[in-house]
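Worksheet: the structure to be examined is printed underneath.
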Amino acid sequence: MFKITNSIVKKVGLAIFLFVFVLFIIYYNFLNVQMKTYMEQKGKEQIEEETALLCAEIELYLQKYTLIVEQAKNNPNFITIANDIVRPETKRGHWLYEEVTKELSDLCNLDENIAQAYIALDGENDLITNVYDYDVDPDYDLYSRDWYRNTVARDKVTITTPYVDFITNKTTITIAAPIKENGRLLGVVGLDILIEDINAIMTGYNSAIEGDLGLVYDNGLLLYNPSLDDITESDGAYIQEYFGDAIGGEILSGSGGVLKNNTHGKESYVAYFPVKNTNIIVYTNILKSTILAPIHRFILINLYILLVIIIIIITFLFFLERVISNPLLTICKQMKNYTNNRSINLPQEYLERKDEIGVLSKGITFMLNRISNSISELEEKNKELFKTKEMINKDRVLFKTTLRSLGDGVISTDQYGNIQIMNDAAEILTGWKKHEAFGQPFETVFRIINEATREKVMSPVEKVFKSGTLNELDENTLLIKKNGEEVPIEDSAAPIIDTEGNITGVVIVFRDFTDKKQKQERISYLSYHDQLTGLYNRYFFEQNLRTLDIDQSLPLSLVMLDVNGLKLTNDAFGHQMGDRLLQAVTVAIKKACGDDKIVCRIGGDEFVLLLPKTDYKETEILVNNIYHEIEKNRLESIVISVSIGWETKISPTQSIMEIYVKAEENMYRKKLIESEKMRRKTIQIIFNTLYEANEGEKDHSESVSKISRKIGEALQLDQELLRELEMAALLHDIGKIAVSSDILEKPDKLTPLEFEMVKRHAEVGYHILKSVDKYSSLSDYVLAHHEQWDGSGYSRGLKGEEIPLISRIIAVAETYDTMTTQQPYKPARSKGEAMDELIRCSGTQFDPKIVKVFISVLNDGTL
C-alpha cells in the first residue's frame, strides 16, 4: 500500500557514487605509474648513501685499532726482544721482558674493547702477552692461526674473521702487523678486539632502515648477517649462498655500487662498499616492495578517503530518507496499525519538528490518543483487579500453610469472642476438633486454672477486649483439655485491629509448657542442691544463713562435719569409692536428722547443719545420733569416720560468723584425734585388701623387707635407719591397691597404657603414707623406689645420690626378689642368674656400691 518503487533519492545517490569512482580510477593509474618510478630511483639513491655512511663508520671504528698496531710494530723494544729471544724458556730472563709486558698491558688499557695484546715470535713458536706469567701450550702452532698465517703471507696489517679466543674465551677479531728488521721477519704484533661494538653498529643501522645490512670478508665469508644472532654463527657461511655467484662476485670485486637482485622471486636492490684499509665489505639489501611501500601507503590512504566519501554520500542519502521518506512511511504504518493496538506511537523527533512532517504528526497523534486513552484506562484497572485477587489468594494459601505448620497452638476469635480459626496444634492441645470448636465461645474450649490455687483464670480474650493491648498468661497456668487432662501452658493474646482502630477479634498463641517447666525446675533444683549427695549446696547455705540470722531463730546452732580420710580413700580405692563414701555419710546424716533439718554439703568433705530454735544440748544429742548412725553404716572394707564440731548462738549480739568459726575450730580439734586413728586403720585395711587380692604380694613385701635389712646391716646403718628401711621395704608396694589385680597378674606383656597404670603405684603409695603421721617419713622412700641410678626411672627422674639411700636399697632388694620368685609373666631365675643381672645393671639401674655389698652378702651365705 505504501511501498515506493521509484525513489529519487536513490537515483541521485547512484549518480554521485559513479562520478567519484571514475575520478578515483584515473587518479590511481597516475600514482601507480609515475610515482612508482620516482620512488624506486629515490630508494636506490638512499640505500647507496646509507651503505656508504655505514662503511665510513666501520672504517673509522677499525682505523684506531689499525693505527695502534701500525705504531706497535715499530716499537724498538718489541723489535729488540723479538730479535733476541731464541728459546721460549729464556724469554722471562730477557732484560726487556718485564718492560714489554707492561707496554702490552698499556696497549690493552688504551681501549676497553682491546681484550689481549701480544707479540708472536716467529722462530720460537711462542707468545709474549700482556700477562706476565702467561705461557702457551707446548703443542701450540703459530702457523695454525689464521691471523698469524695471513699477516705473514700478506706482509701487512690484516683483520681476521671472528673467533672465540682461547685465552680470553670471548668472541674477538685479531688485527695484526708483521715486526721486521732490515726486511727480515721477526714476528707479529697483534691485538684481540672484542666485536660487540661492531654488532651494536650493525644492529643500530639495521633497525634504522627497512632492509638487511651485512659485513663480508673479501674471500666471501660473512662477518655479520641480520638473520644470525651472533657474528660467530656466520662461521662457514658465504655471500654466494645468499645472493648467488653473479651478485656475490660483484660484491667481492673491490668496487662499490648498487645492483638489482631477484632472490626467491622477490626483487631487491643491493648496495655494497669496501671498507678502506681492511679486507671487509659492507652491503645493504632492501626489497623493492619496501622502497615502494610509501606509495602503496599513499594509495591506501586515498582508498580510505574514497571510502569516507562514499560513507558521506550514503549518510547524506540516509539522512534524506530518514528526514522525509521514513517519517511519511512511519506515519502511514501507524495509522494502518491503529486498528490492531488502538494506539499511535510516533517518534518524539517527528512531533518536535516545525515543518509539515511535524504538523501532520501532531494532528494525527492528538486525534488517535484521545480515542485510545479511555480504552487503556479500563484495561489497566482490570489488570490491577486481577493482580490484587491473585495476591489475596496467595496470602490466603500462605496463611493456611503457616498456620498448619506452626508448633504452637493458634486460635482466632471474632469481635464477640467466638472461635473462627484453629490450627492443628490447637486441636491437639485443647482436645477439640476444628469443626467442633468453630463458633463456640472461647471460654468453652479454652478452660484454664491456676495450678497452685486451682481457681479459674480470667480468659485472655476478655483481658484483650478490656485493655486493647497484648496480654500474657501468668505462670503456673493449666489448660484443661476436653477429656479433662491438665496441661501446663504459656500463651500470649493480641487484638485484631481494623483500619479504623476497632478491635475485630483476638489472636491467641499458646504452647505446651511441660518440658520447659521441668527443665526450669531441674535448673532451680541444681542451683540449690549438691549433685552427688542431693543435699543443699554452699550457695543455699550462705543464702539461708543470712535469712535465719534473726532473733526469731534463736537459739541457732551450727554443726560442722568433716569426713575423715576422703583423700586417702580416693588415692587408695579411686574417686568412685570416695563418692560412695560421701553418699554413705549423707545417708547416715539424713537418718539421724530426719527430713526437717537443713543439711548442706559446702565443700569436698565438709557438711554443715543449720538448726534454728535448737539449743546446745539438743544439738549434742543430734550429733551423737549422727555418730551412732555412722558407726552402724558399712562400706565394704572402708572405714567410715567423721569429725563433728558445733556451736550455738543464743544472743542477738553474737556474730553468726563467730559461731561458724567456733564450730569449725571444735570440729578440727576432734579431727586431730579421730582422723589419725582412722588413717592408721585404713592403712591396715589397704594391706589386708592388697594381700587378699594377691597372696604373693605379702610374701614379696616381707622378703624385700628382710633383704633390705641385710643390705642395711652390711652397710653398717644405725638401728633407727634400719627400722625405717625395714618398714619402708615392707610398705613399698602399698600403692598397688590402686592397680587392678588383672593387670598385676597378667601373664602377657603389659600394654603401654597398662604399664603407665602400674607406674602410678609409687605415687599412690606416697600419698597414702603421707596422710598418716606415723608413716609420713617413709613416703619419700616409697615414691623413689623405682628411680634408677642413671636417671631413667620414675616417678621424678632422679639419678645418682639424688635418690634416697633407702630407696636405692629397696630397688636392689625388690629386683632380686622378683627375679628369684615365680611370676605370672616369667619363671623364676637362679640365684647366680639374678646376681649376674644385678652386676650387669650396676651403674645404670642400680647404685654400684649397694650392688657390690649385696653380692658380698649373697656370697657369704648369710641370706
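For the reader, a short list of remarks on this structure follows.
- Complete set of residues in the range 83-116 that are polar (S, T, N, Q) and open to solvent by 30 Å² or more (accessible area, probe 1.4 Å): Asn83, Thr90, Ser105, Asn109
- Residue under evaluation Tyr132, criteria (1) touching a helix residue (DSSP H, G or I) at 6+ places or on another chain (Cβ under 8 Å); (2) within 28 Å of Asn219 (Cβ to Cβ); (3) open to solvent by 30 Å² or more (accessible area, probe 1.4 Å); (4) hydroxyl-bearing (Ser, Thr, Tyr), criterion not met: (2)
- Test for Asp498: is it in contact with a Leu (Cβ under 9 Å, 6 or more places away or on another chain) and among the charged types (D, E, K, R): no
- Pair list, Cβ under 7 Å, 6 or more apart: the range 279-301 residue in contact (Cβ under 8 Å) with a residue 12 or more places away in the chain and closer than 16 Å to Thr37 by Cβ, other residue open to solvent by less than 20 Å² (accessible area, probe 1.4 Å) and in a strand (DSSP E or B): Lys288/Ser268; Lys288/Tyr269
- Residue list for the range 787-839, restricted to those being aromatic (Phe, Trp, Tyr) and either under 21 Å from Arg760 (Cβ atoms) or touching a residue at least 60 places away in the same chain (Cβ under 8 Å) (or both): Tyr794, Tyr816, Tyr825
- Among the criteria (1) modelled with pLDDT under 75; (2) part of a helix (DSSP H, G or I), the one Ile310 does not fulfil is (1).
- Within the option set Ala56, Ala52, Ala72, being of a type outside the set (Val, Ile, Thr), within 14 Å of Gly187 (Cβ to Cβ) and either in contact (Cβ under 8 Å) with a residue 24 or more places away in the chain or part of a helix (DSSP H, G or I) (or both) holds for one residue only, Ala72.
- Residues of the range 461-483 that turn out to be touching a residue at least 40 places away in the same chain (Cβ under 8 Å), in contact with a helix residue (DSSP H, G or I) (Cβ under 9 Å, 6 or more places away or on another chain) and open to solvent by 80 Å² or more (accessible area, probe 1.4 Å), as a count: 1
- Cβ pairs under 7 Å, 6+ apart, first in the range 112-133 and farther than 13 Å from Tyr97 by Cβ, second open to solvent by 30 Å² or more (accessible area, probe 1.4 Å) and in a strand (DSSP E or B): Asp122/Leu185
- For the range 528-567, the set of residues classified as farther than 26 Å from Pro652 by Cβ, open to solvent by 70 Å² or more (accessible area, probe 1.4 Å) and touching a residue at least 12 places away in the same chain (Cβ under 8 Å) consists of Tyr528, Lys567, listed by residue number.
- Evaluation of Val507 against (1) part of a helix (DSSP H, G or I); (2) out of contact with any Gly (no Cβ under 9 Å at 6 or more places or on another chain); (3) more than 30 Å from Ser655 (Cα to Cα) (one fails), failing number: (1)
- Residue in the range 150-166 that is among the small types (Gly, Ala, Ser) and open to solvent by less than 80 Å² (accessible area, probe 1.4 Å) present: no
- Lys44 more than 20 Å from Ala176 (Cβ to Cβ), at pLDDT below 85 and basic (Lys, Arg): yes
- Cβ pairs under 6 Å, 6+ apart, first in the range 840-863 and under 21 Å from Gly791 (Cβ atoms), second open to solvent by 10 Å² or more (accessible area, probe 1.4 Å) and in a loop (DSSP other than H, G, I, E, B): Thr844/Asp790; Gln845/Gln788; Phe846/Trp789; Asp847/Trp789
- Pair list, Cβ under 6 Å, 6 or more apart: the range 492-514 residue closer than 16 Å to Ala426 by Cα, other residue assigned to a helix (DSSP H, G or I): Ala493/Pro460; Ala493/Val464; Val506/Val461; Val506/Val464; Ile508/Pro460
The values are calculated or read from the model by the stated rules, or taken from the named source; none is laboratory data. All of these numbers come straight from a predicted model, not from anything done at the bench. For neighbour counting, all protein chains shown are included, and Cβ atoms are generated from backbone atoms with ideal geometry for every residue, glycine included. Ligands, DNA and RNA are excluded from the accessible area calculation, which covers all protein heavy atoms including side chains. Shrake-Rupley method; radii C 1.70, N 1.55, O 1.52, S 1.80 Å.
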